[in-house]
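Shown next, in structure tokens, is the structure this report addresses.
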Amino acid sequence: MNLIERRLTTSPKVLPDVSQLGFGQHFSDHWFYSKYTKGKGWHESAIAPYGPIPLDPAASVLHYGQALFEGMKAFVQPNGKISLFRPDFNIRRMQMGAERLCLEPPPADLFIEGLEELIAVETRWVPKEDNCALYIRPTLIGTEPFLGVRPSREVLFYIILSPVGTYYSKGTAPVRIWVEDVALRAAPGGLGATKAAANYAAGLQAAVGAKDKGYDQVLWLDVEREGIEEVGTMNVFFVLKDEVVTPALNGSILAGCVRDSVIQILKHEGMKVSERRITIHELIEHQKSGNLLEAFGTGTAAVISPIGEIAYKGSPYYISKGETGSVSRSLLKTISEIQRGLAPDIFGWMRPVNPR
Ligand code: COI
């Protein structure tokens, strides 16, 4: 068991109005942090009032981008207790991403103990309402002040909490997608399979470009600008008449927690799920022949985000008549009910928060 110091705020914030939550705009009263120094190990773990991080201007994260994060959610259960959705998945993914970025990975027990203690202090911040959750943002950064290019010998692991509503301002209505055939999100051998902060910086310019053209997000293609990789910051699925296709994890695609959950649910329901390469040309052929029934993105933030239209080289292709299809609707219902404890947790995904 890790020693976690508790320094609680004397001026708790007023809770935001749940109808105005949006995504990632409000932060709870406290954060959890733990420091690592090479030769000394993990030390100085605390729950402390939320506030600015003292950081040396030479800290490696600010120069060489050693930054990694996770996205998780906690939900109030019918008995009033709080449960986490698949925390082991995120802990493992952060540890694998840390290796890729040469950051010291936070030990699993430190991660879960810090998170559970933080949530136990912040229970009033977990919204109970439908379509709302407590979004959890574990973050790992290199903090050593040193300008030589090598892995940071000092690391900060921290967790902040944000009560959230739906990710997109239009809720779960289908989004319109621009197929990006110029900019690249990630290349084989790069950082695409990790939740490195740099991947999100790499995607911003195209996302802004898509918005300027009147679209909500971009569809990312591979290095050949043919194979479909992700949609916005999410994994992507296509429902065809005889199979559901999602791009195979080829080294430049993030292994999403909801992606994995959707695959398990669909297989459990007897559907054929193929993790394989699918090109934009194949997709358009399916759309033209009527074989493409639905498309949707999956991610922790938006859960299931139906896609109503994709535009490729300026031509629009409508999916599901621009409406939410039945598979998307049913997946969102199944996952939300498991998360809220309203349906049996048949996959063993929920972990009750056990304050120590
Ligand atoms: C998610 O879909 O969970 C994401 O990763 C989006 C997040 C960066 C806001």
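Some points to look at:
- Breaking point among (1) within 15 Å of the ligand (Cβ to nearest atom); (2) at pLDDT below 95, for LYS128: (1)
- Criterion applied to GLY114, GLY97, GLY148 was being assigned to a loop (DSSP other than H, G, I, E, B) and not polar (S, T, N, Q), and the one residue passing it is GLY148.
- Residue match in the stretch 281-290 (condition: buried (at least 21 other Cβ atoms within 10 Å of the Cβ) and polar (S, T, N, Q)): no
- Scanning the stretch 219-257 for residues that are within 13 Å of the ligand (Cβ to nearest atom) and surrounded by fewer than 18 Cβ atoms within 10 Å (Cβ to Cβ) yields a total of 1.
- Count - residues of the stretch 130-145 that are closer than 15 Å to LYS38 by Cα and part of a loop (DSSP other than H, G, I, E, B): 2
- Pair list, Cβ < 7 Å and 6+ apart or interchain, from the stretch 297-311 residues that are touching a residue at least 60 places away in the same chain (Cβ under 8 Å) and within 14 Å of the ligand (Cβ to nearest atom) to residues that are small (Gly, Ala, Ser) and assigned to a loop (DSSP other than H, G, I, E, B): GLY297/GLY232; THR298/GLY256; GLY299/GLY256; THR300/GLY71; ALA301/GLY71
- Some residue of the stretch 69-90 being part of a strand (DSSP E or B) and of a type in the set (D, E, K, R): yes
- Test: residue in the stretch 258-272 that is of a type in the set (Val, Ile, Thr), within 21 Å of ILE319 (Cβ to Cβ), within 15 Å of the ligand (Cβ to nearest atom) and at pLDDT 95 or above: yes
- Residue match in the stretch 283-292 (condition: under 16 Å from LEU221 (Cβ atoms) and within 16 Å of the ligand (Cβ to nearest atom)): no
- Selected residue [surrounded by 15 or more Cβ atoms within 10 Å (Cβ to Cβ), at pLDDT 95 or above and under 11 Å from PHE157 (Cα atoms)] from SER45, SER60, SER28: SER45
- Here ALA210 fulfils each of the conditions (1) touching a residue at least 60 places away in the same chain (Cβ under 8 Å); (2) within 16 Å of the ligand (Cβ to nearest atom) apart from (1).
- Candidates THR194, THR166: the one that is out of contact with any Phe, Trp or Tyr (no Cβ under 9 Å at 6 or more places or on another chain) and within 30 Å of TYR50 (Cβ to Cβ) is THR194.
- Residue match in the stretch 45-65 (condition: polar (S, T, N, Q) and part of a loop (DSSP other than H, G, I, E, B)): no
- Of all residues in the stretch 65-81 being buried (at least 19 other Cβ atoms within 10 Å of the Cβ) and charged (D, E, K, R), the one that is nearest to LYS128 (Cα to Cα): LYS73
- Of the residues making up the stretch 174-195, those that are in contact with a Gly (Cβ under 9 Å, 6 or more places away or on another chain) and of a type in the set (Asp, Glu) number 1.
- Complete set of residues in the stretch 167-201 that are of a type in the set (Phe, Trp, Tyr) and either over 30 Å from GLY142 (Cα atoms) or at pLDDT below 95 (or both): TYR167, TYR168, TRP178
- Qualifying residue in the stretch 157-175 (condition: away from the ligand (no atom under 16 Å from the Cβ), more than 21 Å from TYR312 (Cα to Cα) and part of a strand (DSSP E or B)): yes
The values are calculated or read from the model by the stated rules, or taken from the named source; none is laboratory data. Because the structure is a prediction, the values reported are computed rather than measured. Cβ atoms come from the backbone with ideal geometry, glycine included; neighbour counts cover every protein chain shown.
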